[in-house]
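Asker: This structure is in structure tokens; I'll ask about it shortly.
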Amino acid sequence: MTKPFSAACERNREPILAELRRILPPSGRVLEIGSGTGQHAVYFGAALPALTWQTSDLPSNHPGIHAWLAEEAPSNVLPPLELDVRAAQWPAGPWDAVFTANTCHIMAWEEVETMLMGAARALRTGGTLCVYGPFNYEGRFTSESNALFDMSLKAQGEHMGLRNFEDVNRVAQQNGLVLLEDCAMPANNRLLVWQKS
């Protein structure tokens with residue numbers, strides 16, 4: 001099949017990688033939630049060869065991930081596991097880190113909550129959760145482009161939309177995750193980093 005392609009993945013991969021090099025453990029197992037096209041996985045996996053990078057997503061996205069892995073994946077990037085964040089059973093941990101990009105604004109808020117709860121359960125003590133994407137602060141958009149993006153998301157589905165950082169952080173804290181960093185990223189995005197206490 002033709003590999004699916006995300007222009008956003010291509011644009012944001014270098015700045016994300018620069019932060020992941022600093023934040024992720026030097027070796028260990030990383031679970032990526034919502035691997036999407038698979039582009040991030042092959043790029044980060046190649047750049048971080050001492051980490052085992054486990055892709056996951058809903059089954060409908062698996063063919064695209066397999067297509068990227070077949071052409072480009074190093075041996076430390078594993079084929080996708082089925083993961084619905086609402087499911088009771090998650091891929092067997094404990095994981096040293098969990099990474100997800102551009103998922104919070106696609107999921108319904110209840111799914112964001114269950115994703116944070118599931119990630120907290122799946123991480124080892126001291127493990128790291130990294131969440132990339134655009135967020136609002138105190139209910140306000142940080143840029144006009146984010147406001148327009150939110151409008152376009154809501155036109156696709158009422159359940160979609162930019163999340164408030166404070167709401168996301170509150171749920172993370174309720175599940176034993178301690179905020180370490182809130183990194184400003186290009187194009188009005190953030191990289192939020194928590195550690196399991």
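Just so it is clear, none of the values below were taken in a lab; they were calculated from the coordinates. Note that the structure is predicted; figures quoted are calculated from it, not measured. Because the Cβ atoms are built from the backbone with ideal geometry, glycine has one as well, and the counts that use them run over all protein chains shown.
Asker: Being among the aliphatic types (A, V, I, L, M) and outside any helix (DSSP H, G or I) is the filter; apply it to segment 156-173 and report the residue that is farthest from the chain's Cα centre (by Cα).
Answerer: Residues of segment 156-173 that are among the aliphatic types (A, V, I, L, M), as a first pass: 160, 162, 168, 171-172.
Then drop every residue that is not outside any helix (DSSP H, G or I), which leaves 160, 162.
Working: M160: 16, L162: 14 Å.
The extreme case among them is M160.
Asker: Hey, does segment 78-87 have a residue that's within 29 Å of Q173 (Cβ to Cβ), over 16 Å from the mean Cα position of the chain (by Cα) and surrounded by fewer than 20 Cβ atoms within 10 Å (Cβ to Cβ)?
Answerer: Taking every residue of segment 78-87 in turn, at least one turns out to be within 29 Å of Q173 (Cβ to Cβ), over 16 Å from the mean Cα position of the chain (by Cα) and surrounded by fewer than 20 Cβ atoms within 10 Å (Cβ to Cβ).
Asker: Please verify whether A67 is more than 27 Å from A172 (Cα to Cα), touching a residue at least 60 places away in the same chain (Cβ under 8 Å) and surrounded by fewer than 19 Cβ atoms within 10 Å (Cβ to Cβ), treating the condition exactly as stated.
Answerer: It is true that A67 is more than 27 Å from A172 (Cα to Cα), touching a residue at least 60 places away in the same chain (Cβ under 8 Å) and surrounded by fewer than 19 Cβ atoms within 10 Å (Cβ to Cβ).
Asker: Turning to a different aspect of this structure: Restricting to segment 114-140, name every residue that is crowded, with 17+ Cβ neighbours inside 10 Å and touching an Asp or Glu at 6+ places or on another chain (Cβ under 7 Å).
Answerer: If the condition is that a residue be crowded, with 17+ Cβ neighbours inside 10 Å and touching an Asp or Glu at 6+ places or on another chain (Cβ under 7 Å), then G127 is the only one that fits.
Asker: Given the residues I33, I23, which is the only one that is within 18 Å of C130 (Cα to Cα), surrounded by fewer than 21 Cβ atoms within 10 Å (Cβ to Cβ), of a type in the set (V, I, T) and in contact (Cβ under 8 Å) with a residue 60 or more places away in the chain?
Answerer: I23
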